[in-house]
Amino acid sequence: MATEAVDKQPVERGSIRAPSLAGVRPLVTVLGLLAVWQLIVTVSGVPPFILPGPMAVLETLMHRWPLILSHAWITAAEIALGFLLGAMLGMASGLLLASFVTARRWLLPVFVVSQALPVFALAPLLVLWLGYGMASKVAMAVLIIYFPITAAFYDGLKRADPEMLDLVRLLGASRFDMIRLIRLPAALPSLASGLRVAASVAPIGAIVGEWVGSSGGLGYLMLHANARMQVDLMFAALLVLAAMALVLYLAVDRLGRRLAPWQAETNSER
């Protein structure tokens, strides 16, 4: 009887099928988009040099894979270095703004005003100053992701519970102890959000830098393919770039869940 009672207990909706559906839904979405793409090409009769079909792009991706891969490594290195440097500089700046009132009064207006400048307009100057190599592309990626991480981390550090800060201050804690024990744990969810935004926009800086002036990379490959009307090669390089951006975002998202596991548990319960 006890066994039958247990068997008759209602199973929460989505508790068993959720993991399988979570893996199937992205695949169904991708297949649906490819089907719509192929339908548009077939029905409209658009020439391949304007919009090739997905099968033509996949065929080009397979045949030109060594060429695409050689340029993809360059872009991947630029994105990774730009993300790491931008994250470190952004966290250091956010910590500086939250820890010292003088720094906040002098530097925070500068950070805000700097966002009024179009970052893409600085790309030609960076190429002029740093050359056509990797340095100018890394600097471009750093400039794009620097402010989102700084703003997110600074906002998180300022959200620390003031009562907890007063308590540890009464107990004789130093400024470093208050940051380490109270402010930093409170800022981890905001930092994770800032890192996710940075992971989404980091490839933009590298590609724009390669478009302005470079000797390699997916942006360089797409620029030259466009000049030769090789639209299938452009789409193939774009697919590889999208895959790289997705992998970076998923890696950063997992890192953010590890930094703030309590937030991930809270979101899963909603």
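Summing Cβ point charges (Lys, Arg +1; Asp, Glu -1) relative to the Cα centre of the chain gives a dipole of roughly 420 debye.
Placing pseudo-labels 7 Å out from each Cα toward the beta carbon at Met88 and Leu181 gives an inter-label distance of 3.0 nm. Relative contact order of the chain: 24 percent, from C-alpha pairs under 8 Å at least 6 residues apart in sequence.
Here the 3J(HN,Hα) profile of the range 58-68, calculated from phi with Karplus coefficients 6.51, -1.76 and 1.60 at θ = phi - 60°, is 5, 5, 5, 4, 6, 6, 9, 4, x, 5, 5 Hz, Gly and Pro shown as x. Extent of the range 118-270 along its three principal axes (Cα atoms, max minus min coordinate, largest first): 69, 40, 20 Å. Over all projection directions, the Cα-based convex hull of the range 68-178 averages an area of 9.0 nm². Set Lys and Arg Cβ to +1 and Asp and Glu Cβ to -1, take the dipole of the chain about its Cα centre, and tell me which of Tyr249, Ser136, Ile207 lies farthest positive. Of the listed residues, the answer is Ser136.
Label separation (Trp65 vs Leu250): 1.8 nm, computed from points 7 Å beyond Cα along the C-beta direction.
The charge dipole of the range 48-207, taken about its Cα centre with unit charges on the Cβ of Lys, Arg, Asp and Glu (plus for the first two, minus for the last two), comes to roughly 280 debye.
With the highest mean first, a sort of the peptides 195-205, 95-105, 110-120 on other beta-carbon atoms found within 10 angstrom per residue produces 195-205, 95-105, 110-120. Think of the chain as having a plus end and a minus end, set by charges on the Cβ of Lys, Arg, Asp and Glu; of Leu188, Ile40, Ala236, Leu188 sits farthest toward the positive end of this dipole. Here r is the Cβ-Cβ distance between Arg228 and Arg257 and R0 is 35 Å; the resulting FRET efficiency, rounded to 0.05, is 0.20. In the range 102-161 the Cα-Cα distances spread across 10 Å bins starting at 0 as 19, 41, 28, 10, 2 percent of all pairs. Between Thr60, Trp106, Gly82, the Cα set farthest toward the positive side of the dipole of the range 54-269 (charges on each charged residue's Cβ, about the Cα centre) is that of Trp106. With 0.36 nm allotted per residue and the present C-alpha distance subtracted, the Ser44-Trp129 stretch has 25.9 nm of extension available. Per the Cauchy relation, a quarter of the hull surface: what is the mean projected area of the convex hull of the alpha carbons in the chain, in nm²? Quarter of the Cα hull surface area: 22.6 nm². Peptides 64-74, 45-55, ordered by how many other C-beta atoms sit within 10 Å of their residues on average, highest first, read 64-74, 45-55.
The numbers here are math on the coordinates, done by the rules we state, and not lab data. Predicted model, so just to flag it, every value in this text is computed and none were measured. Neighbour counts are summed over all protein chains in view; Cβ atoms, including those assigned to glycine, are modelled from backbone coordinates with ideal geometry.
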